[in-house]
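S.K.: Submitted below is the structure of interest, expressed as structure tokens.
The values are calculated or read from the model by the stated rules, or taken from the named source; none is laboratory data. None of the values given here were measured: they were computed from a predicted structure. All Cβ positions, glycine included, derive from the backbone under ideal geometry; neighbour counts span all protein chains shown. Note: areas computed on protein heavy atoms with side chains; ligands, DNA, RNA excluded. Shrake-Rupley method; radii C 1.70, N 1.55, O 1.52, S 1.80 Å.
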Amino acid sequence: MNALRIPHSRQPHAAFADPAPRPAPVARKIVLRQSVALCAAAVMACALVSVPAFAAGKDVSAQKVVNLANITEVSPGVHVIEDRQQVFLVPNVTIIVGRDAALVVDTGLGTKSAQLVLQTARKLAGNKKLYLTMTHFHPEHGFGAQAFKGQATIIYNRAQRDELLKKGPAFRELFSDKLDVAQAMKDVRFVMPDVVYDTEAEIDLGGRVVKLNYYQPAHTLGDQVISVPEQGVVILGDLLETKSFPIMPWFPDLADTDVDPLNWREIFRKVAATNPKIVIPGHGRIGTAADLDASARHMDVAREEVARRCAAGNDLATIQKELTPILEAQHPDWDLKDWIAMEIQSYYERLCRK
């Protein structure tokens, strides 16, 4: 595979003020190696909350900043600022350091978290080249990218970039107005990635190779799986929340019907086939392959039960009423129980609607 080279004259604008800026160059399959000079140049945020309901109140932005005291090295060169206290709207942030460069995965909510993440990356990597990518476009994962513009090469898959362009402004407004983080959102500027890829990319950080994979829509249209294959590390974003029911947003009134649990399960199969040892979720404590397997088995049960009850002629409301307590009882220690009914609806819409 050849390294990707793009002339500086084709680099995208650094920021945009409207939903349709000039796109970054796209490559179907790219390899980014530190030895090569790289010149690559509507409201749905309910999907992010811990329950599918919210109300405005006192601004709590200061409580949603990543906690640097929680940083831990989960594998050689792989550092996670862990959401150890499971704080709503605080994600796990990963910094992967190689001999020549470092990759940051997710920025946290807004510029305050992003600046702390950038400072931490610099502390770990020194003057090495920096890359930045996101698990998906949601605000608490990627709405701090502007802090990295000019400091790091920013990489998105095309589906994720396009989703940000389409939905980003509405998400910023909703988080400001409904999720009590207006202060965190007020300085947010959306920036274009320096590199956009279609299906996969590979970054050689120097003695440590990171793979970026886009498979298909699942939790969002542009979920990205990031891995360090030789070390058995995989970063899943909100495709997995350890010991929690999956967040499957289905909000037709908000033009949010993109979630696809069938694709989601296929992604889990692909990831499981790589035999991961360390699984980093979007939020909460770091997990293992056992957590991935538990979530996959739960999804299999949910799908089979919805399909069976649908085939028997039951409507959505009946299935939700009967199946929700059954699924909850199977995992009484799991969080996000309020999302079970919507998970059932997501399966119903994909499996039962003709």
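S.K.: Would you check which residues across the range 147-174 are over 17 Å from the mean Cα position of the chain (by Cα) and not acidic (D, E) and list them?
M.R.: Within the range 147-174, A147, F148, K149, G150, Q151, A152, T153, P169, A170, L174 meet the criteria.
S.K.: Continuing with the same structure: Name the residues in the range 57-88 that are of a type in the set (D, E, K, R) and either over 21 Å from the mean Cα position of the chain (by Cα) or open to solvent by less than 40 Å² (accessible area, probe 1.4 Å) (or both), would you? So that I can check it myself, show each step before the final result.
M.R.: Step one: of the range 57-88, the residues of a type in the set (D, E, K, R) are 58-59, 64, 73, 82-84.
Result: K58, D59, K64, E82, D83.
S.K.: Kindly indicate the residue of the range 218-250 that is open to solvent by 10 Å² or more (accessible area, probe 1.4 Å) and of a type in the set (D, E) and also modelled with the highest pLDDT among those meeting that condition.
M.R.: E230
S.K.: A further question on this structure: Can you run down the residue pairs with Cβ atoms below 9 Å, 6 or more apart or on separate chains, where the first is in the range 202-229 and over 20 Å from I278 (Cβ atoms) and the partner is assigned to a loop (DSSP other than H, G, I, E, B) and among the basic types (K, R)?
M.R.: Cβ pairs passing all conditions: G206/R99; G206/K128.
S.K.: So for the range 317-331 (the condition being assigned to a loop (DSSP other than H, G, I, E, B) and either touching a strand residue (DSSP E or B) at 6+ places or on another chain (Cβ under 9 Å) or more than 18 Å from E349 (Cβ to Cβ) (or both)), does at least one residue qualify?
M.R.: Yes, the range 317-331 contains a residue that is assigned to a loop (DSSP other than H, G, I, E, B) and either touching a strand residue (DSSP E or B) at 6+ places or on another chain (Cβ under 9 Å) or more than 18 Å from E349 (Cβ to Cβ) (or both).
S.K.: Of everything in the range 251-261 that's in a loop (DSSP other than H, G, I, E, B) and open to solvent by less than 30 Å² (accessible area, probe 1.4 Å), which residue is farthest from V93 (Cα to Cα)? Lay out the reasoning, then the answer.
M.R.: To start, the set of residues in the range 251-261 that are in a loop (DSSP other than H, G, I, E, B) comprises 255, 257-260.
Among the residues that remain, those that are also open to solvent by less than 30 Å² (accessible area, probe 1.4 Å) are: 259-260.
Working: V259: 23, D260: 25 Å.
In this case the residue turns out to be D260.
S.K.: Moving on to the next point. How many of the residues in the range 267-294 are touching a Phe, Trp or Tyr at 6+ places or on another chain (Cβ under 7 Å) and not basic (K, R)?
M.R.: Residues in the range 267-294 being touching a Phe, Trp or Tyr at 6+ places or on another chain (Cβ under 7 Å) and not basic (K, R): 2 in total.
S.K.: Something else: I'd like the residue in the range 188-203 that is part of a strand (DSSP E or B) and open to solvent by less than 40 Å² (accessible area, probe 1.4 Å) and, out of all such residues, is nearest to T111 (Cα to Cα). Talk me through it step by step, then tell me what you get.
M.R.: First pass over the range 188-203, keeping only residues part of a strand (DSSP E or B): 190, 195-203.
Still in the list and also open to solvent by less than 40 Å² (accessible area, probe 1.4 Å): 190, 195-198, 201-203.
On the way: F190: 11, V195: 21, V196: 23, Y197: 25, D198: 28, A201: 27, E202: 27, I203: 25 Å.
In this case the residue turns out to be F190.
S.K.: Another question about this same structure. Any residue at all in the range 252-264 that's within 30 Å of V210 (Cα to Cα) and small (G, A, S)?
M.R.: There is no residue in the range 252-264 that is within 30 Å of V210 (Cα to Cα) and small (G, A, S).
S.K.: Output the qualifying pairs, or none if there are none: Cβ atoms under 9 angstrom, residues six or more apart or on different chains, first residue in the range 166-195 and closer than 15 Å to D59 by Cβ, second residue modelled with pLDDT of 95 or more and part of a strand (DSSP E or B).
M.R.: R172/F190
S.K.: I need the full set of residues from the range 301-315 which are of a type in the set (A, V, I, L, M) and within 29 Å of the chain's Cα centre (by Cα), in order please.
M.R.: Result: V301, A302, V306, A307.
S.K.: Being surrounded by fewer than 24 Cβ atoms within 10 Å (Cβ to Cβ) and either within 23 Å of H283 (Cβ to Cβ) or among the aliphatic types (A, V, I, L, M) (or both) is the filter here, so list the residues in the range 102-129 that pass it. So that I can check it myself, show each step before the final result.
M.R.: The initial filter retains those residues of the range 102-129 that are surrounded by fewer than 24 Cβ atoms within 10 Å (Cβ to Cβ), namely 111-112, 115-116, 118-120, 122-129.
T111, K112, Q115, L116, L118, Q119, T120, L124, A125 - these are the residues of the range 102-129 that are surrounded by fewer than 24 Cβ atoms within 10 Å (Cβ to Cβ) and either within 23 Å of H283 (Cβ to Cβ) or among the aliphatic types (A, V, I, L, M) (or both).
S.K.: Limited to the range 123-162, what total is found for residues that are under 23 Å from D83 (Cβ atoms) and of a type in the set (D, E)?
M.R.: Summing the residues that are under 23 Å from D83 (Cβ atoms) and of a type in the set (D, E) in the range 123-162 gives 1.
S.K.: Using the structure shown, decide if D106 is under 24 Å from V195 (Cβ atoms) and acidic (D, E).
M.R.: Criteria met by D106.
S.K.: Report the residue count in the range 281-297 for those that are assigned to a loop (DSSP other than H, G, I, E, B), of a type outside the set (V, I, T) and touching a Lys or Arg at 6+ places or on another chain (Cβ under 9 Å).
M.R.: Here the count works out to 2.
S.K.: Oh, and also: Could you count how many residues in the range 333-354 are acidic (D, E) and in a loop (DSSP other than H, G, I, E, B)?
M.R.: The total comes to 1.
S.K.: I'd like to know if the range 172-184 contains one or more residues that are touching a strand residue (DSSP E or B) at 6+ places or on another chain (Cβ under 6 Å) and either open to solvent by less than 10 Å² (accessible area, probe 1.4 Å) or in a strand (DSSP E or B) (or both).
M.R.: no
S.K.: Counting only residues that are open to solvent by less than 10 Å² (accessible area, probe 1.4 Å) and out of contact with any Gly (no Cβ under 7 Å at 6 or more places or on another chain), how many does the range 262-294 have?
M.R.: Of the residues in the range 262-294, 8 are open to solvent by less than 10 Å² (accessible area, probe 1.4 Å) and out of contact with any Gly (no Cβ under 7 Å at 6 or more places or on another chain).
S.K.: Quick one: in the range 295-328, which of the residues that are open to solvent by 70 Å² or more (accessible area, probe 1.4 Å) and small (G, A, S) is nearest to P281 (Cα to Cα)?
M.R.: A311
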